[in-house]
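*Asks:* Mind looking over this structure? Questions follow.
The values are calculated or read from the model by the stated rules, or taken from the named source; none is laboratory data. In this text the structure is predicted, and so the values were computed from the model without any measurement. Here the Cβ positions follow ideal geometry from the backbone for every residue, glycine too, while neighbour counts run over all protein chains shown. Side chains included, ligands, DNA and RNA excluded: accessible areas come from the protein's heavy atoms. Shrake-Rupley method; radii C 1.70, N 1.55, O 1.52, S 1.80 Å.
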Amino acid sequence: MALTPVPVALKALLDSVPGPTGSEMLPLPRCAWRVLAADVKALRTQPPFANSAMDGYAVRAADMEAGKQLRVIGESAAGRRFDGSVRPGEAVRIFTGAPMPEGADSVLMQENADGVGSETITVRVPAHKGQFVRAAGLDFREGDVPLTAGRMLDSAALGLAAAMGHPQLPVRCKPRVTILATGDELVAPGEPTGPDQIVASNSFSLMALVEKAGGEALDLGIARDDHDDLAARIAAARAAEADVLITLGGASVGEHDLVQEALKRAGMSLGFWKIAMRPGKPMMTGRLGRMVVLGLPGNPVSSIVCGHLFLLPLIEALLGMADPDRDRSIPAILGKDMPANDEREDYLRSDLALTPAGWVATPFDRQDSSMLGTLARAKALTIRPAYAEPAHKGDICRILPLR
């Protein structure tokens with residue numbers, strides 16, 4: 001079977017998504033880092049009135065002349081406006097955020113006036129018309145749509161929704177991602193290990209990626225190399241109404257690799273299998289009803305690299321976010337010479353340092369896909385395209401930041 005290039009595989013995976021998850025209304029405090037399910041209109045105008053951007057004096061631009069004296073007739077503070085009107089030769093003491101009084105069209109910054117705090121001030125540096133005045137509706141107006149469906153509600157977006165007057169918001173339900181480790185050689189952390197067993201770690205790495213991307217992770221435990229056990233856990237994923245089933249290991253076709261066959265017996269339609277990448281070649285995708293199946297390699301580094309390249313975009317697609325297949329790499333300077341590459345795209349665990357010339361990515365010497373310690377030290381994946389010519393220290397490369 002020919003190897004599938006990474007971009008082709010990603011597009012095919014995202015095309016297999018049946019659609020975004022459903023939506024739910026949540027109170028604003030529970031909406032942080034959730035994804036909007038619909039456009040959100042402003043329920044009010046912000047600011048609702050013209051106000052001052054500085055501490056100083058509300059004045060008429062027509063009175064702005066160096067050395068001119070103005071009589072102070074009152075004060076306007078935030079939440080407590082001045083009810084009168086400013087006439088020629090007058091000024092109103094004003095503070096940041098306070099409503100502009102009638103008749104005033106500018107703010108004379110207090111640093112540009114003499115006699116601050118007295119009943120009469122002298123203009124030292126004149127203000128021009130409209131200076132330091134925030135017009136009504138400067139930020140948004142009632143009926144505007146500053147937030148659109150698919151937007152992640154980060155701190156700025158959440159604050160904007162609150163300013164728009166929304167006590168609750170429609171958000172996408174978190175994609176439910178079930179994770180199933182497989183293999184007789186695996187035991188859970190803390191359990192006794194036999195002479196031929198290792199501690200399962202991949203599930204915890206993938207759960208962290210799922211939670212970071214905005215999904216809900218459900219651990220299905222460890223399935224033994226047994227068709228009945230695999231069938232029961234696949235059934236558990238369907239019973240949980242999972243949007244995604246991730247299997248870890250066993251997706252190849254060796255005598256002890258039963259996962260692909262078990263999924264096919266359950267009704268999975270195979271999407272593709274074997275990717276032109278290193279690490280991560282034995283990756284598999286498919287559909288089991290509405291559930292997307294992502295079969296990741298058993299090697300820890302391979303599964304995490306595949307998680308960054310395929311799982312994160314998959315969750316974004318399920319959340320209805322824009323451009324989940326976008327290029328997430330950035331340019332950097334290669335920190336060491338690299339040999340020519342073969343038909344598989346390389347994702348090399350690398351150190352990353354910021355220099356006056358820019359980011360410098362230096363791949364580690366040892367790149368074995370079982371070495372979690374190397375991946376934990378890595379700050380980026382340096383991408384070496386398939387069939388790339390030899391590269392030299394100082395060349396421009398592409399990297400995928402990990403932190």
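*Asks:* Measuring with a 1.4 Å probe in the full set of protein chains, what accessible area per residue, in whole Å², belongs to the range 251-369?
*Replies:* Numbers: 4880 Å² over 119 residues.
I get 41 Å² per residue for the range 251-369.
*Asks:* What are the trypsin sites (Lys or Arg not before Pro) within the range 42-93 that DSSP puts in a loop, where the Cβ has at most 15 other Cβ atoms within 10 Å?
*Replies:* On the way: sites: 44, 60, 68, 71, 80, 81, 93; in loops: 44, 60, 68, 81.
Those satisfying the criteria are 44, 68.
*Asks:* For n ≥ 4 DSSP H runs only, could you compute -39500 (n - 2.57) per run for the chain, divide by its residues and tell me the 222 nm figure to the nearest 500?
*Replies:* Mean residue ellipticity at 222 nm (helix-derived): -5000 deg cm²/dmol.
*Asks:* Follow-up question, since we're still on this one. Can you give me the Kirkwood hydrodynamic radius for the range 252-351, using every pair of distinct Cα atoms, in Å to one decimal?
*Replies:* Working: mean 1/r = 0.0644 Å⁻¹.
Result for the range 252-351 stands at 15.5 Å.
*Asks:* Separate question: Identify the chymotrypsin sites (Phe, Trp or Tyr not before Pro) of the range 1-72 meeting these criteria: DSSP loop state and at most 16 other C-beta atoms within 10 Å of the C-beta. Write out the running numbers ahead of the final one.
*Replies:* Values: sites: 33, 49, 57; in loops: 33, 49.
Qualifying residues, ordered by number: 33, 49.
*Asks:* Tell me the per residue accessible area of the range 23-137 using a 1.4 Å probe; a whole number in Å² is fine. Before the final figure, lay out the partial values.
*Replies:* Numbers: 5830 Å² over 115 residues.
With the other protein chains kept in place, the range 23-137 gives 51 Å² per residue.
*Asks:* Given a Förster radius of 35 Å and the C-beta distance between residue 124 and residue 80 as r, what FRET efficiency does 1/(1 + (r/R0)^6) yield to the nearest 0.05?
*Replies:* Working: r = 27 Å, r/R0 = 0.78.
Step by step, r from the Cβ atoms, then E = 0.80.
*Asks:* Just for the Cα atoms in the range 114-208, what are the lengths along the principal axes, largest first, rounded to whole Å?
*Replies:* Between the extreme Cα coordinates on each principal axis of the range 114-208 lie 90, 35, 21 Å.
*Asks:* Counting only protein heavy atoms and using a 1.4 Å probe, what share of the accessible area of the chain belongs to carbon plus sulfur, as a whole percent?
*Replies:* On the way: 9960 of 19010 Å².
Looking at the chain in its full context, I get 52 percent from C and S.
*Asks:* I would also like to ask the following. Taking every pair of alpha-carbon atoms in the range 233-293, give the share separated by more than 20 Å as a whole percent.
*Replies:* Numbers: 407 of 1830 pairs.
Summing the P(r) tail past 20 Å for the range 233-293 gives 22 percent.
*Asks:* Among 117, 353, 143, which residue has its Cα furthest toward the positive end of the charge dipole of the chain, with +1 on Lys/Arg Cβ and -1 on Asp/Glu Cβ?
*Replies:* So the residue we want is 117.
*Asks:* Also, quick follow-up: With viscosity set to 1.567 mPa s at 4 °C, what whole-number translational diffusion coefficient in µm²/s follows for the chain from Stokes-Einstein and a Kirkwood radius over Cα pairs? Please report the intermediate quantities before stating the final value.
*Replies:* Working: Rh = 25.5 Å.
My calculation gives 51 µm²/s for D.
*Asks:* By how many nm would the segment from residue 372 to residue 229 grow when fully extended, if each residue of separation counts as 0.36 nm and the alpha-carbon distance is taken off? Intermediate values should be presented prior to the final figure.
*Replies:* Details: separation 143, 0.36 × 143 = 51.48 nm, distance 2.80 nm.
Here the answer is 48.7 nm.
*Asks:* So how strong a dipole does the chain carry about its Cα centre when Lys and Arg Cβ are +1 and Asp and Glu Cβ are -1, to the nearest 20 debye? Intermediate results must be reported in sequence, preceding the final value.
*Replies:* Details: 43 positive and 48 negative charges, 172 e Å.
About 820 debye.
*Asks:* Multiply the residue separation of residue 290 and residue 393 by 0.36 nm, subtract the distance between their alpha-carbon atoms, and state the gained length in nm to one decimal.
*Replies:* Working: separation 103, 0.36 × 103 = 37.08 nm, distance 4.71 nm.
Working it through step by step, the gained length comes to 32.4 nm.
*Asks:* Quote the FRET efficiency, to the nearest 0.05, computed for residue 25 versus residue 141 with a Förster distance R0 of 22 Å and r equal to the Cβ-Cβ distance.
*Replies:* Working: r = 24 Å, r/R0 = 1.11.
It comes out at approximately 0.35.
*Asks:* A further question follows. Over the range 246-403, how many pairs of lysines fall under 21 Å by alpha carbon, counting only those 8 or more apart in sequence or from different chains? Write out the running numbers ahead of the final one.
*Replies:* Values: 264/274; 264/281; 336/379; 336/393; 379/393.
Here the count comes out as 5.
*Asks:* Provide, as a two-decimal number, the C-alpha radius of gyration of the range 198-254 over 2.2 N^0.38 Å, N being how many residues it has. The partial results should precede the final answer.
*Replies:* Working: Rg = 12.1 Å, N = 57, 2.2 N^0.38 = 10.2 Å.
Scaled against compact globular proteins, the figure is 1.18.
*Asks:* Build a GNM of the chain with springs between Cα atoms under 10 Å: which of 125, 244, 107 gets the top mean-square fluctuation?
*Replies:* 125
*Asks:* Using +1 on the beta carbon of Lys and Arg, -1 on that of Asp and Glu, and nothing else charged, what's the dipole of the range 132-209 about the Cα centre, debye to 20? Before the final figure, lay out the partial values.
*Replies:* Values: 6 positive and 8 negative charges, 114 e Å.
My answer is approximately 540 debye.
*Asks:* Something else now. With springs only between Cα atoms under 10 Å apart, run a GNM on the chain and tell me which of 232, 223, 380 wobbles the most.
*Replies:* 232
*Asks:* Based on C-alpha coordinates, I'd like the Rg and Dmax of the range 154-220, in Å.
*Replies:* My reading of the Cα-based Rg and Dmax gives 19.0, 62 Å.
*Asks:* With only alpha-carbon atoms counted, please give the Rg and Dmax of the range 324-382, in Å.
*Replies:* 12.3, 34
*Asks:* If you wrap a convex hull around the alpha carbons of the range 1-140, what volume per residue comes out, as a whole number of Å³? Mind dumping the intermediate values first?
*Replies:* Working: hull volume 26.7 nm³, N = 140.
Taking the convex hull of the Cα positions in the range 1-140, it is 191 Å³ per residue.
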